[in-house]
1. Please go through region 114-143 and pick out each residue that is assigned to a strand (DSSP E or B), of a type in the set (A, V, I, L, M) and closer than 24 Å to Arg55 by Cα.
2. So which of Gly103, Gly91, Gly96 ends up being closer than 18 Å to Arg215 by Cβ and exposed (fewer than 14 other Cβ atoms within 10 Å of the Cβ)?
3. For region 63-114, which residues satisfy the criterion of being over 21 Å from Arg205 (Cα atoms), in contact (Cβ under 8 Å) with a residue 60 or more places away in the chain and among the basic types (Lys, Arg)?
4. Please go through region 144-154 and pick out each residue that is outside any loop (DSSP other than H, G, I, E, B) and more than 18 Å from Ala86 (Cβ to Cβ).
5. Within region 114-133, can you find the residues that are surrounded by fewer than 18 Cβ atoms within 10 Å (Cβ to Cβ), at pLDDT 95 or above and either of a type in the set (Val, Ile, Thr) or not assigned by TED's automatic domain parsing to the domain that holds Val80 (or both)?
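The values are calculated or read from the model by the stated rules, or taken from the named source; none is laboratory data. Note that the structure is a prediction, hence the values are computed from the model and not measured. Backbone-built Cβ (ideal geometry, glycine too); neighbour counts: all protein chains shown.
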Amino acid sequence: MTKWMRAILAASVVTVGCGSSARDAADGAAPASDDGALSGAARKAAAAVGIPTYREITLPAGTTLPLELKSAVASDTSRVEDTVRATLRRGITIDGRQVLPAGTEVVGAVTQAERAGRVKGRARVAFRFTSLRHDGERYDIRTDSVVRVAEATKSEDATKIAIGAGAGAALGALLGGGSGAAKGAAIGGAGGTGVVLATRGKEVRLGPGADVNARLSSPVTIRVKVS
């Protein structure tokens, strides 16, 4: 008797002893016990005919996804609805069982992109993720927005104005004494202010490889292979 025929015979014996359990397993939908784990008879029947068995595990809202960006995101070049891609830096486990492995692809979109202003208004970029792909299946997800805001430049702006005023005062003193120094300081300060007004603040730029954390805002149920 060939190995293939022995496997078929074994599956038939389990079918007789377990009723619909083996038939369900052969259809790829092996029954689960009350706690969601596959019954022993169903696992044996599925294994006999080489059918993988699965268990559904839910990632609760609030689960953090540690991600590595694969797309560049920037306040001055990104546009709302631009696609953002990332992968898990490490696997996600629940009760000691891995639900999603490292490298799982996650996809989302830019939700906000604002360039820095010339006088006020710090650059800002935001994005969130809406789907992931695992074991050949796509799952809809929803995460909180990942937001990055540029550093303030007020101290740098003040320094530019002060430097301009100091240089103007020195030049005015050389040319016209005390009154010249005062006039020079005013002119130099105005020049420094002009530089600030003409210069935008810092932008936010995240390149491929940047680490970000996204938190699930709603639960998602994943089919995990058991055997």
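1. Step one: list which residues in region 114-143 are assigned to a strand (DSSP E or B), which gives 114, 124-134, 137-140, 143.
After this cut, where a residue has to be of a type in the set (A, V, I, L, M) as well, the list is 125-126, 132.
Scanning region 114-143 gives a single hit, Leu132.
2. Gly91
3. If we filter region 63-114 for residues that are over 21 Å from Arg205 (Cα atoms), which is where we start, we get 63-64, 90-105.
Then drop every residue that is not in contact (Cβ under 8 Å) with a residue 60 or more places away in the chain, which leaves 63-64, 97-100.
Arg97 - this is the single residue of region 63-114 that is over 21 Å from Arg205 (Cα atoms), in contact (Cβ under 8 Å) with a residue 60 or more places away in the chain and among the basic types (Lys, Arg).
4. At the first step, the residues of region 144-154 found to be outside any loop (DSSP other than H, G, I, E, B) are 146-149, 154.
Result: Val149, Lys154.
5. Residue satisfying the conditions is Thr130 alone.
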